1. State the percentage of accessible surface on segment 12-91 attributable to carbon and sulfur atoms; use a 1.4 Å probe and exclude ligands, DNA and RNA.
2. With runs of 4+ DSSP H residues as the only contributors, calculate the mean residue ellipticity of the chain at 222 nm using -39,500 (n - 2.57) per run, divided by the residue total and rounded to the nearest 500.
3. On average, how much accessible surface per residue is there in the chain, in Å², for a 1.4 Å probe, leaving out ligands, DNA and RNA?
4. Given a 10 angstrom Cα cut-off, can you work out which residue in V76, V25, V148 is the most mobile in a GNM of the chain?
5. Give me the net charge of M38's neighbourhood, meaning all other residues with Cβ under 12 Å from the Cβ of M38; Lys, Arg count +1, Asp, Glu -1.
6. Determine the dipole magnitude for the chain: charges of +1 sit on the beta-carbon of Lys and Arg, -1 on that of Asp and Glu, nothing else is charged, the reference point is the Cα centre, and the result goes in debye to the nearest 20.
7. Quick one: compute the contact order of segment 1-145, relative version, from alpha carbon pairs under 8 angstrom and 6+ residues apart, as a percent.
8. Select from E117, E23, E49 the residue whose mean-square fluctuation is largest in a Gaussian network model of the chain (Cα-Cα springs shorter than 10 Å).
Amino acid sequence: MGEGTDRIAYGNETNFADLPISELVTLKYWVFAGTNSMAGVSLPAINIEADPNVGLVNETTLIYMPDVSVSPSAPVVRVPNVWQQYDASATGSRWYASGATGVLINCTAVSPCSFDELKTRLPDAVITYSLGFNSDNSFIGAIDGLQVNNTVYDFESFGVRKRLLTP
């Protein structure tokens, strides 16, 4: 059983290192919140470790905020015990950049921006270490079907299965 200070993290640096943020067109994933009520539930977020290539900072984390994103980025109604898709690249998405980068580009946790705004404000940013999921709070449930552009990553009991979507 987890403790209140436990957190989850999954990241993949093999497939995403050096990928320009500007080339990310589609970022979607499915969430299953295994709870009887969504009250107080904070969902796992996409985190992208990046070199912003702006200002004097060499690293930042770009964080999608599913809990404050709105439709069509997030479901109109969050429902427990049902798989729901979050489109971190859609209109209604809320993102921020950590540290000095967020302040420099006016995209902070307090004043988030959309995915398109984030890419516009960081035109030369590249993924450095990983694109993955993170949750700083207790979460009971599952994530699956991470879609990055035309590739879907399915999380199976035997590992991650990668499949290409046909155009």
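The values are calculated or read from the model by the stated rules, or taken from the named source; none is laboratory data. Bear in mind the structure is a predicted one, so any value in this text is a computation, not a measurement. Cβ atoms come from the backbone with ideal geometry, glycine included; neighbour counts cover every protein chain shown. Keep in mind that these areas ignore ligands, DNA and RNA; they rest on the heavy atoms of the full protein, side chains included. Shrake-Rupley method; radii C 1.70, N 1.55, O 1.52, S 1.80 Å.
1. On the way: 1980 of 3800 Å².
Here it works out to 52 percent.
2. Numbers: 2 runs with 13 residues, N = 167.
Here the helix-only value at 222 nm equals -2000 deg cm²/dmol.
3. On the way: 8810 Å² over 167 residues.
Normalised by residue count, the accessible surface of the chain is 53 Å².
4. Largest GNM mean-square fluctuation: V76.
5. Numbers: positive: R78; negative: D67.
Net local charge, M38 excluded: 0.
6. Values: 9 positive and 17 negative charges, 84 e Å.
Result for the chain is approximately 400 debye, rounded to the nearest 20.
7. 42
8. E23
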